[in-house]
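Down below is the structure, laid out as structure tokens.
The values are calculated or read from the model by the stated rules, or taken from the named source; none is laboratory data. Note that the coordinates shown come from a computational prediction; the quantities given were computed from them, not determined experimentally. Cβ placement follows ideal geometry from the backbone for every residue including glycine, while neighbour counts extend to all protein chains displayed. With ligands, DNA and RNA removed, areas are computed over all heavy atoms of the protein, side chains included. Shrake-Rupley method; radii C 1.70, N 1.55, O 1.52, S 1.80 Å.
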Amino acid sequence: MSQPQKQNPERAYAEPSINMETEAYWDATKQDKLLLKSCEDCGETHWYPRAICPHCSSSNTVWFEASGKGKIYSFSVMRRAEIPYVMAYVTLAEGVTILTNIVECDFETLEIDQDVEVVFRATEGDQALPLFRPTSQD
């Protein structure tokens with residue numbers, strides 16, 4: 001019989017800064033959807049959402065819904081915070097790497113290349129923030 005996994009308490013999440021370029025992204029998070037941008041000219045996906053492709057400078061970019069699946073590229077446990085938390089770079093299945101938090105886990109069991117999936121948490125205001133949790137390997 002496996003032992004239940006220790007879960008750490010979660011902290012409050014600050015309201016994000018929203019502008020015209022990111023408004024659609026943040027609207028989608030309220031519906032538990034993770035959006036990315038792709039360039040119709042060069043075919044590259046990019047993160048952080050912006051109107052101009054950072055790869056070829058084209059303005060021919062479109063939103064699409066990401067799978068929400070990824071792998072931990074790197075992480076650090078912020079133990080000196082009032083409520084400890086994990087900062088991580090997660091490389092999504094779509095190829096981009098984003099800075100995020102890892103939640104719903106025992107920090108001691110996290111590993112590089114571990115599979116994770118997106119989850120959404122309410123911010124201190126009325127937004128939703130995409131974070132990641134390890135996927136169960138049952």
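Observations on the structure shown:
- Pair Arg133, Ala51: separation of 7 Å Cα→Cβ label points (nm): 3.8
- For Gln127, distant residues with modelled amide H under 5 Å away: none
- Protein-only accessible surface order, largest first, of Leu99, Leu35 at 1.4 Å: Leu99, Leu35
- Counting 0.36 nm for each residue step from Glu111 to Lys69 and taking away their Cα separation leaves a gain of 13.6 nm.
- Highest GNM mean-square fluctuation among Ser57, Ser38, Ser76, for the chain modelled with Cα contacts below 10 Å: Ser57.
- Rolled with a 1.4 Å probe across the full set of protein chains, the surface gives Thr135 an accessible area near 30 Å².
- A simple rule links phi to the HN-Hα coupling: the Karplus curve 6.51 cos²θ - 1.76 cosθ + 1.60 with θ = phi - 60°, which for segment 30-39 gives 5, 9, 6, 10, 9, 9, 10, 10, 10, 8 Hz, with x for Gly and Pro.
- Modelled spin-label separation between Tyr89 and Asp32, with each label point placed 7 Å from Cα along the Cα-to-Cβ direction: 3.0 nm.
- Longest exposed-site-free window of the chain, the sites being GluC sites (Glu not before Pro) in a DSSP loop that have at most 11 other C-beta atoms within 10 Å: 41-81
- Sites Ala81 and Met20 - FRET efficiency at Förster radius 30 Å, r taken between beta-carbons, to 0.05: 0.40
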